[in-house]
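Structure record follows, encoded as structure tokens.
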Amino acid sequence: MLRWCKAAGDAVRKDEPLLELETDKVTVEIPSPATGKLTEILKQPNEEVVPGQILARVSIARTSEAGAAQRPAERAAAAAAGDPASQDGAQPLSPAVRRLLNDHALSAEELTGSGRNGRITVQDVERFLDRKSHEPAATGDADTTAKMRRPPGIAAAEVKCGDARRGDARRDDARRIPHSAVRRRVAEHMARSLAQAPHVTTLFEADLTRVQAHRARHASEYERRGIRLTLTAYFVAACARALIAHPTVNATFHEDALELHPDANVGVGTALGNEGLIVPVIHQAQHMSLQQLAARLGQLVGAARAGRLAPQEVRGGTFTISNHGVGGSLLAAPIVINQPQVAILGVGKVERRVCVVNTPDGESIGVRTMCYLTLTIDHRAIDAFQANGFLEHVVKTLEHWNEDQAEG
């Protein structure tokens, strides 16, 4: 989905934002490649685009025209109108940034930009607002403070004791935290998924004793290579094999057909603290060894938490894993499906449990490393038979893990 910052015929400057592209998880500003005029827009707002498509054309201005792109009189008029992007040669602001500044009565001069050539981004504004929300209230003249923070043109209103309605549930110390761009998109995506797909969850229990033994033997070796061997890498490996064996789970539902994908592109839900979550994707996971999966997983999770994921690293997923157990959760159901996928695996807390163990001499009581696995499905696309078959495949792979399986 895209949103234009300029209209056809507008003058543009090099590196000035032309449009914003939005995926489910990432917003990317596309700058003008040159100074000149936006002569043609080829894709309309909210229209879907794919990588490599031409979106617009810009006629390049001659050097003399570029220097006169904004004459002094125009700059003065823009400054008089209060456009923060036009004063003293400041970096241009995207509509999203300008909207946030206006909503919170901020000036661009209060912020330090982290974008190209010091340009202010949406993330810069959100970080600034988050810091302000945690700052202690200033002491001193309350009336002076109110005047300093009041947006231009907004009159002050006196609030007197007794104005509050009886039984009003709001407290004096309540505060509102603006939603980040990531949080807004996650909310929209979750609501849309639940509205579109009938969610059904199946539950299995998995014995991870063999997996834990294998990890204990090889974790130090991986660490010396700069790779952290986590249990998630084993879950990705097991799911990749099961997806190839059960292609209806590795699919996209359409009204007239079920699209089966040839590759197991496994996304891993990654928490971003209070900002929400993001799902980086390991592409063609079925061809990767355990070491390769662990290395790629570490790269993607690190980039996600540092805000450095590239758009292609969150695209093309065909299946998702939600490892909610890292926070202590035993079971979560249903986990909302990452549309347009048709299933999502939930991994509960891994813990030692007393179990009945089958041995050559019969049954005995033992302590095993166990966890609950859930598969939430889009019941339009998958029935219980396919769901149980897939999850059984995943469990058997984990419970019979050996050295050969680590090689992919």
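What follows is calculated from the coordinates using simple rules that are stated; it is not laboratory data. Keep in mind the model is a prediction, meaning the values are calculated, not measured. Cβ: placed from backbone, ideal geometry, glycine included. Neighbour counts: every protein chain shown.
When the dipole is taken about the Cα centre of region 327-408, and only Lys, Arg (+1) and Asp, Glu (-1) are charged at their Cβ, what size is it in debye, to the nearest 20?
Once rounded to the nearest 20, the dipole reads 400 debye.
How big is the gap, in Å, between the Cα center of region 4-23 and the Cα center of region 304-335?
32
Cβ neighbours within 10 Å, averaged per peptide: list 288-297, 181-190 in order, most packed at the top.
288-297, 181-190
Beta carbons within 10 angstrom, averaged per residue: use that to sort the peptides 196-202, 391-397, highest first.
391-397, 196-202
If I model a spin label at Ser133 and Arg380 as a point 7 Å from the Cα along the Cα→Cβ vector, what separation in nanometres do I get?
Output for this residue pair reads 3.4 nm.
Order the peptides 304-317, 364-377 from the highest to the lowest mean number of other Cβ atoms within 10 Å of their residues.
Descending mean neighbour count gives 364-377, 304-317.
Scan region 191-297 for GluC sites (Glu not before Pro) in coil per DSSP, keeping those whose Cβ has at most 10 other Cβ atoms within 10 Å, and list them by number.
In loop regions of region 191-297 (DSSP not H, G, I, E or B), the sparsely surrounded GluC sites (Glu not before Pro) are Glu255.
What area, in nm² and to one decimal, does the C-alpha convex hull of region 247-369 cast on average over all directions?
Mean projected area for region 247-369: 10.8 nm², to one decimal.
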